[in-house]
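Asker: Below you will find the structure I want to go over with you.
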Amino acid sequence: MSLKEKLNIITIDGPACSGKGTLARMLANKLNYFHFDSGLLYRAVGYIFFQTIHQPHSKETLEKELEFTTLNYNEKKLSLTWRDKLLNDDLLRSEHVSRWASLVAQEEFVRAALLPIQRDIAHCVKDIVADGRDMGTIVFPQAAYKFYLTASLEIRAQRRFLSEQENDLTATFEKTLHQLQERDLRDTQRLFAPLRKPENAIEIDTSLFTIQQSLDLVLKQIEKA
Ligand code: CDP
């Protein structure tokens with residue numbers, strides 16, 4: 001790789017509600033890097049498969065649908081358009097798309113199709129903070145800095161429950177906790193690219209930290225290195 005092609009990659013992996021997404025966004029803003037939320041790609045595939053529920057879902061059908069998908073790089077973050085429809089947060093962050101995303105993320109053909117796309121994104125933007133489940137282990141093993149965020153199940157469920165409560169009157173803490181447990185299990189037990197702490201990653205337990213404290217810690221580690 002020539003010097004011109006040098007990529008500056010920081011990865012942040014961790015389970016749902018560990019704070020990785022918010023931290024990655026804030027870190028990217030601070031460093032003026034691109035924020036790549038890899039979960040968005042899995043959510044998009046989940047959404048597309050849900051919309052095409054009557055077709056068999058295979059490598060071929062996914063490849064075909066990906067041809068109708070455009071990546072947009074505006075405002076230093078990724079957004080996606082599928083068949084001329086902007087896949088916004090309202091579409092991608094609903095509970096049923098979250099569930100579909102978690103299910104499609106277990107499929108080897110989905111992960112294989114998304115791998116080169118993710119690496120292309122880094123080549124396009126050069127300076128990138130990437131968050132997800134396998135950023136430091138599989139997608140960007142060469143990353144300069146790797147972080148692994150954790151928090152106790154109860155604290156993560158509390159965080160999600162607080163945001164769910166605003167839109168869903170039927171939300172209960174127990175239901176949220178149970179859904180998170182299910183998602184953790186799928187993330188860590190799946191055969192392909194399971195959630196793992198990457199080798200050489202710095203682990204941060206955010207249970208008792210504010211997001212600002214987590215950001216300060218990450219910045220300190222980067223300065224130190
Ligand atoms: O908000 P949450 O952390 O639950 O989800 P997300 O980061 O938006 O990811 C959506 C789904 O994609 C999750 O169920 C993850 O299991 C999956 N995913 C993955 O398998 N690998 C990634 N690099 C990112 C997300």
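We did not get these values from a lab; they are worked out from the coordinates using the rules stated. These numbers come from a predicted model, not from an experiment. In this analysis, Cβ positions are derived from the backbone assuming ideal geometry, glycine residues included, and neighbour counts consider all displayed protein chains.
Asker: Note down, for the chain, the three equivalent ellipsoid semi-axes (square root of 5 times each alpha carbon gyration tensor eigenvalue), biggest first, whole angstrom.
Answerer: 26, 24, 16
Asker: Right, another one. What is the distance, in nm, between label points placed 7 Å from the Cα along the Cα-to-Cβ direction at residue 88 and at residue 174?
Answerer: 3.6 nm
Asker: For the stretch 42-86, what's the radius of gyration and Dmax over Cα atoms, in angstrom?
Answerer: Every Cα atom of the stretch 42-86 included, Rg and Dmax give 11.2, 36 Å.
Asker: If r is the Cβ-Cβ distance from residue 163 to residue 188 and R0 is 25 Å, what FRET efficiency results, to the nearest 0.05?
Answerer: Efficiency at R0 = 25 Å is approximately 0.65.
Asker: Under the definition of Cα pairs under 8 Å and six or more residues apart, what whole-number percent is the relative contact order of the chain?
Answerer: Over the chain, the number comes to 34 percent.
Asker: Taking a temperature of 10 °C and a viscosity of 1.306 mPa s, what whole-number D in µm²/s does Stokes-Einstein yield for the stretch 120-184 with Rh from Kirkwood over alpha carbon pairs?
Answerer: 111 µm²/s
Asker: How big is the stretch 98-220 in terms of Cα radius of gyration and Dmax, in angstroms?
Answerer: In Å, with Rg to one decimal and Dmax whole: 16.1, 44.
Asker: Taking a point 7 angstrom from the Cα of residue 216 along the C-beta vector, which residues in the stretch 113-157 have backbone N less than 19 Å away?
Answerer: 150
Asker: Here is a follow-up. By average Cβ neighbour count within 10 Å, what is the ranking of 199-209, 142-152 from highest down?
Answerer: 142-152, 199-209
Asker: Can you list the aspartates and glutamates whose alpha carbon is less than 18 Å from that of residue 126, not counting same-chain residues fewer than 8 positions off?
Answerer: Cα-Cα hits under 18 Å: 5, 37, 75.
Asker: Taking 8 Å as the Cα distance limit and 6 or more residues as the minimum spacing, I'd like the relative contact order of the stretch 35-118 as a percentage.
Answerer: Relative contact order comes out at 42 percent.
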